[in-house]
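Trainee: I have a structure here, written as structure tokens, and I will follow up with some questions on it.
Derivation of every value follows stated rules applied to the coordinates shown; laboratory data play no part. Source: prediction; values computed, not measured. Cβ sites come from the backbone with ideal geometry, for glycine too, and all protein chains shown count toward neighbours.
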Amino acid sequence: MIYALTPYYQKENLTDKEKASSQQKRVPELWNINVSLHFTLVPNPPVFRAEECLSEGNIITLVWQPCPGIGIDYYTLEIDDGVGGNFRKVYRGIETMCTIEGLHFKSMYRARVKAHNQSGYSAYSDRLVIQTSAQSWFHMDAARSSTSGLQFSNSNRSVTCQSMEDCVALASTGLSRGVHYWEFLIDRLDPGGQPSFGIAKNDCNKEAMLGMDRLTCQHHGRIALVNDDVI
């Protein structure tokens, strides 16, 4: 781009006649300035790699194609609530893959992603629809359970309590809505043992009986042994 500039010179203490003569004789002088302007375009919308996106249990992994040829500062990934509700942001970063845990089972999630650079952000990608598993499969999670008196076996599908104190064992999969059904089998119950079954949040008191704080709820009362029969 070329700009033409005309410099102006003014001498001091000129008479009116000299000023008029100077204005008539002054010849504009051109200054040529070459200015190079570089524009960074906003990115194109990212594209999901549908063949690489996975769903296992209530965990989904989403993968998308990097935007070619343009420096990307970060991506923003959004999903809805699994029932056609509003989108919410679940990831912001430079990676082109994101794993989302703790989703609802038997739900159809919509996902979209956009790219950002210094010039702005792209349009959203085409929406990807991915479904979580219809059934919940889980095992006991030793890392999130009581730290005393519990022994886990059978790939964490069996738990044995060797303490007379209250102990809470949490499962590996969380649930937040829906109607669910479980069965559990008591292999052995010694006199004085009182197992119970219920629901709890991750940060509940692991050393207290279910139902004793606001983060747990006992669904099945304590089981006692009377005359060698479980009641």
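Trainee: Between Lys106 and Asp126, take the C-beta separation as r, use R0 = 30 Å, and let me know the FRET efficiency to the nearest 0.05.
Mentor: That gives a FRET efficiency of 0.80.
Trainee: Along the Cα→Cβ direction, 7 angstrom out, place labels at Phe87 and Phe152. What is the inter-label distance in nm?
Mentor: Output for this residue pair reads 3.7 nm.
Trainee: What's the ranking of 41-48, 120-127, 157-164 by average number of surrounding C-beta atoms within 10 Å, highest first?
Mentor: 41-48, 120-127, 157-164
Trainee: Return, ordered by residue number, the residues of segment 97-124 whose backbone nitrogen is under 19 Å from a label point located 7 Å along Cα→Cβ of Leu41.
Mentor: 114-124
Trainee: What is the spin-label model distance, in nm, from Arg49 to Arg214 if the labels are put 7 Å beyond Cα along the C-beta direction?
Mentor: The answer from the label model is 4.6 nm.
Trainee: Consider a paramagnetic label point 7 Å from the Cα of Ser196 along Cα→Cβ; state which residues of segment 156-173 have an amide N under 13 Å from it.
Mentor: Of the residues in segment 156-173, 166-169 have backbone N under 13 Å from the label point off Ser196.
Trainee: Are there GluC sites (Glu not before Pro) in segment 53-140 that DSSP puts in a loop and that have at most 13 other Cβ atoms within 10 Å, and which ones?
Mentor: Passing both the DSSP loop test and the Cβ count: Glu95, Glu101.
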